[in-house]
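Right, one structure below, let's go through it.
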Amino acid sequence: MMELFGSKINFLTVYIMEAHAEDTWPLGSDVRYNQTHTIEERAKVAKDFIVQNNYPYTIRIDEAPSNTFNKTFATWPLRFYVIDNGKMCYIHEPEGEYVFVTRLTEFLHTYFNH
């Protein structure tokens, strides 16, 4: 998706908190962190993610413990937001247990008349 729209969109990832932290809701994945409670803890986890995944895109961190971004945008469990000139244009939410990124892609194609 970033390859399709990268020239028209500034992609931003916001790290809010651990969805399945070992000390709150573990799923048994290979990546294991306890819940983060400070900006420093979140910065470490975000840096690990960037390095382990060779992640080339901008990441911002929701400041703990206020979690302002998460509280404002109700980001749990997983959502994508399209904001154009400060206006929320689209919110892509999971459908049941699944996230259909194709629906977001369809919206972006229509929005940008691809």
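The values are calculated or read from the model by the stated rules, or taken from the named source; none is laboratory data. Here the structure is a predicted model, which means the values were calculated and not measured. Neighbour counts are summed over all protein chains in view; Cβ atoms, including those assigned to glycine, are modelled from backbone coordinates with ideal geometry.
Annotations
- Residue 107 vs. criteria within 19 Å of residue 18 (Cα to Cα), hydrophobic (A, V, I, L, M, F, W, C), surrounded by 12 or more Cβ atoms within 10 Å (Cβ to Cβ) and touching a strand residue (DSSP E or B) at 6+ places or on another chain (Cβ under 8 Å): no
- Of everything in the range 32-44 that is surrounded by 13 or more Cβ atoms within 10 Å (Cβ to Cβ) and assigned to a loop (DSSP other than H, G, I, E, B), the residue that is modelled with the lowest pLDDT is 32.
- Residues of the range 88-114 that are at pLDDT 90 or above and assigned to a helix (DSSP H, G or I): 102, 103, 104, 105, 106, 107, 108, 109, 110, 111.
- Considering the range 63-77, the residues that are free of Cβ contacts under 8 Å to residues at least 24 places away in the same chain and either part of a loop (DSSP other than H, G, I, E, B) or touching a Cys at 6+ places or on another chain (Cβ under 7 Å) (or both) include one that is farthest from residue 40 (Cα to Cα), namely 74.
- Which numbered condition residue 3 misses (of (1) without any contact (Cβ under 8 Å) to a residue 24 or more places away in the chain; (2) under 15 Å from the mean Cα position of the chain (by Cα)): (2)
- Count of the range 48-59 residues which are exposed (fewer than 12 other Cβ atoms within 10 Å of the Cβ) and either over 12 Å from residue 12 (Cα atoms) or among the β-branched types (Val, Ile, Thr) (or both): 5
- Any hit, the range 37-53, residues being within 20 Å of residue 2 (Cβ to Cβ) and touching a residue at least 24 places away in the same chain (Cβ under 8 Å): yes
- When the range 60-100 is filtered for residues that are β-branched (Val, Ile, Thr) and within 20 Å of residue 8 (Cα to Cα), the ones remaining, listed by number, are 82, 83, 91.
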